[in-house]
Amino acid sequence: MSANALCLISSMATKKVLTELLAQYHQMYPQVTAGLESVGGVDAAKRVQAGEPFDGVLLASDAIDTLIASGHVLAGSRVDLVRSGVAAAVRAGTPGPDIGSEDAVKRAVQAARTLGYSTGPSGVQLAKLFERWGIADEVNAKLVTPPPGTPVGQLVASGDVELGFQQLSELMNLPGINVLGPLPPAIQITTVFSGGVAATSQQPDAVRELLAFLASPQTQGIKQANGMETA
């Protein structure tokens with residue numbers, strides 16, 4: 001296996017879990033080092049599309065498919081890694097609304113003075129849910145959109161957002177917030193994050209071996225500890 005460092009890019013949603021998994025991989029294979037850069041998913045895809053040299057790309061599965069279609073990620077290299085669900089949070093020390101059912105979540109959204117949700121895939125699906133409920137205009141009037149790379153939970157902790165929605169993996173370790181729990185099954189939004197070999201990689205086989213490890217059963221413990229499941 002190549003001793004050259006692998007250059008990886010991912011979205012913020014998987015930063016912590018990937019950092020831990022890469023550390024485990026390096027312990028197993030000390031000759032392999034991997035540098036991970038985690039940014040907003042939209043920005044990550046743009047950088048790959050612009051031809052910036054990476055070895056591996058780790059993004060939501062639909063983003064990986066788009067990059068495969070455009071030739072920026074090698075066809076046949078996609079490996080599904082984790083499944084991640086959405087949770088809700090309020091500022092620490094404030095009473096949280098009931099989110100145990102679809103109706104309860106709708107009431108909580110309507111009652112909140114300000115709302116925030118991810119600009120990534122889960123946020124797109126939430127916006128569709130609010131449209132289906134017929135409250136999209138009401139939500140948009142009090143929506144606080146996080147700047148790129150800023151977790152929704154950070155805005156919740158600062159008081160800028162009263163009720164925030166983001167993937168559990170991004171909320172669970174943030175200080176200053178109270179995670180109310182995952183969305184109920186009827187409206188849960190699950191994002192599959194996948195990896196692929198960048199077309200610019202000079203070490204495609206090394207990336208494939210890393211992706212196989214990231215998808216393997218031995219990684220399940222770290223994924224669960226980060227609020228995710230193996231895909």
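The values are calculated or read from the model by the stated rules, or taken from the named source; none is laboratory data. Please read all numbers here as calculations on a predicted model, not as lab measurements. Backbone-built Cβ (ideal geometry, glycine too); neighbour counts: all protein chains shown. Remember, those area values only see protein heavy atoms, side chains included, never the ligands or the DNA or RNA. Shrake-Rupley method; radii C 1.70, N 1.55, O 1.52, S 1.80 Å.
Mind checking which residues of the stretch 43-68 are among the small types (Gly, Ala, Ser) and either more than 15 Å from residue 200 (Cα to Cα) or buried (at least 16 other Cβ atoms within 10 Å of the Cβ) (or both)? Walk me through it before giving the result.
So in the stretch 43-68, the residues among the small types (Gly, Ala, Ser) come out as 44-45, 50-51, 56, 60-61, 63.
Within the stretch 43-68, 44, 45, 56, 60, 61, 63 qualify.
Show me the helices (runs of 4 or more DSSP H) found entirely inside the stretch 124-207 where at least 3 residues are among the aliphatic types (A, V, I, L, M). It would help to see each step written out before you state the result.
Values: elements: 136-140, 152-158, 168-171.
Helices (runs of 4 or more DSSP H) meeting the threshold: 152-158.
Which members of the stretch 100-115 meet the condition of being assigned to a loop (DSSP other than H, G, I, E, B) and open to solvent by 80 Å² or more (accessible area, probe 1.4 Å)? Break it down into steps so the answer makes sense when it comes.
Kept after step one, since they are assigned to a loop (DSSP other than H, G, I, E, B), are these residues of the stretch 100-115: 100-101, 112-114.
The answer is 113, and nothing else.
Where residues in the stretch 163-196 are under 25 Å from residue 93 (Cα atoms) and in contact with a Leu (Cβ under 7 Å, 6 or more places away or on another chain), which of them is most open to solvent (accessible area, probe 1.4 Å)?
Of the residues in the stretch 163-196, the ones under 25 Å from residue 93 (Cα atoms) are 163-184.
With in contact with a Leu (Cβ under 7 Å, 6 or more places away or on another chain) added as a condition, the list becomes 163-165, 177, 179, 182.
On the way: 163: 4, 164: 1, 165: 4, 177: 25, 179: 48, 182: 82 Å².
So the residue we want is 182.
Residues in the stretch 95-107: is at least one in contact with a strand residue (DSSP E or B) (Cβ under 6 Å, 6 or more places away or on another chain), polar (S, T, N, Q) and touching a residue at least 40 places away in the same chain (Cβ under 8 Å)? So that I can check it myself, show each step before the final result.
Going residue by residue through the stretch 95-107, those that are in contact with a strand residue (DSSP E or B) (Cβ under 6 Å, 6 or more places away or on another chain) are 96, 99.
Within this subset, residues satisfying the condition of being polar (S, T, N, Q) are none.
No: zero hits.
Determine if the stretch 17-38 includes at least one residue that is touching a Phe, Trp or Tyr at 6+ places or on another chain (Cβ under 8 Å) and aromatic (Phe, Trp, Tyr).
So far as the stretch 17-38 goes, yes, one or more of its residues are touching a Phe, Trp or Tyr at 6+ places or on another chain (Cβ under 8 Å) and aromatic (Phe, Trp, Tyr).
Which condition from (1) without any contact (Cβ under 8 Å) to a residue 40 or more places away in the chain; (2) of a type in the set (S, T, N, Q); (3) touching a Gly at 6+ places or on another chain (Cβ under 9 Å) is the one that residue 66 breaks?
Tallying (1) without any contact (Cβ under 8 Å) to a residue 40 or more places away in the chain; (2) of a type in the set (S, T, N, Q); (3) touching a Gly at 6+ places or on another chain (Cβ under 9 Å), residue 66 fails exactly one: (3).
Return the residue satisfying two criteria in turn: it lies in the stretch 87-99 and is modelled with pLDDT of 95 or more and open to solvent by less than 60 Å² (accessible area, probe 1.4 Å), and of such residues it is farthest from residue 202 (Cα to Cα).
Result: 97.
Quick one: residue 47 ticks every box in (1) modelled with pLDDT under 95; (2) in a helix (DSSP H, G or I); (3) of a type outside the set (A, V, I, L, M, F, W, C); (4) out of contact with any Leu (no Cβ under 9 Å at 6 or more places or on another chain) except a single one, so which number is it?
Answer for residue 47: the failing condition is (1).
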